[in-house]
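The values are calculated or read from the model by the stated rules, or taken from the named source; none is laboratory data. Quick caveat, the model's predicted, so the values are computed rather than measured. Virtual Cβ from ideal backbone geometry, glycine too; neighbours counted across all protein chains shown. In case anyone asks, the SASA skips ligands and DNA or RNA and just uses the protein heavy atoms, side chains included. Shrake-Rupley method; radii C 1.70, N 1.55, O 1.52, S 1.80 Å.
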Amino acid sequence: MDPIVLAAGTALVSAMATDAWLQSKAATVAMWRRVRPDHTDDVGAELDALRGQVLAARDAEDEETEQALAGVWRMRFQQALADTPGLAAELRLLLDDHLGPALSRTERTRGASVVMNAEARDNSRVYLSGRDQHINGA
């Protein structure tokens, strides 16, 4: 999946739980109107419904549900990107100008990409983790 799609999907869902949601939603619908004009009416209503689910997940401290909901929009953005190659630039603008600024510093970091490289030689082991890592056994 394209890194901009991952970041945009995560940021969109995270922005739903902020005070800046109305501005973020308006920017998302406006972008969608330009790239998918036949689906514009449905997008605003879907975003509102999804926001309710995100807020409920936050209240329940249910990060898995929130991640699943972000996955829905990652898939939608990915499909739109496949259909409209120029969408990557639009997504970057949406992320940089509207979604990213709506997020707290912690949430902006959470949606950032992490690139790790490692090389193991001989009998060595390498353990990489972008988040929590649990190793059990010998």
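Some observations on this one:
- Residues of the stretch 90-133 satisfying the condition of being among the acidic types (D, E), surrounded by 10 or more Cβ atoms within 10 Å (Cβ to Cβ) and at pLDDT below 85: E107
- Residues that are open to solvent by less than 70 Å² (accessible area, probe 1.4 Å) and under 13 Å from the mean Cα position of the chain (by Cα) within the stretch 66-82 comprise E66, Q67, A68, L69, A70, G71, W73, R74, R76, F77, Q78, listed in sequence order.
- Of everything in the stretch 30-56 that is closer than 18 Å to L81 by Cβ and in contact with a Phe, Trp or Tyr (Cβ under 9 Å, 6 or more places away or on another chain), the residue that is most open to solvent (accessible area, probe 1.4 Å) is H39.
- Scan of the stretch 3-29 for residues that are open to solvent by less than 10 Å² (accessible area, probe 1.4 Å), outside any helix (DSSP H, G or I) and in contact (Cβ under 8 Å) with a residue 60 or more places away in the chain, ordered by number: none
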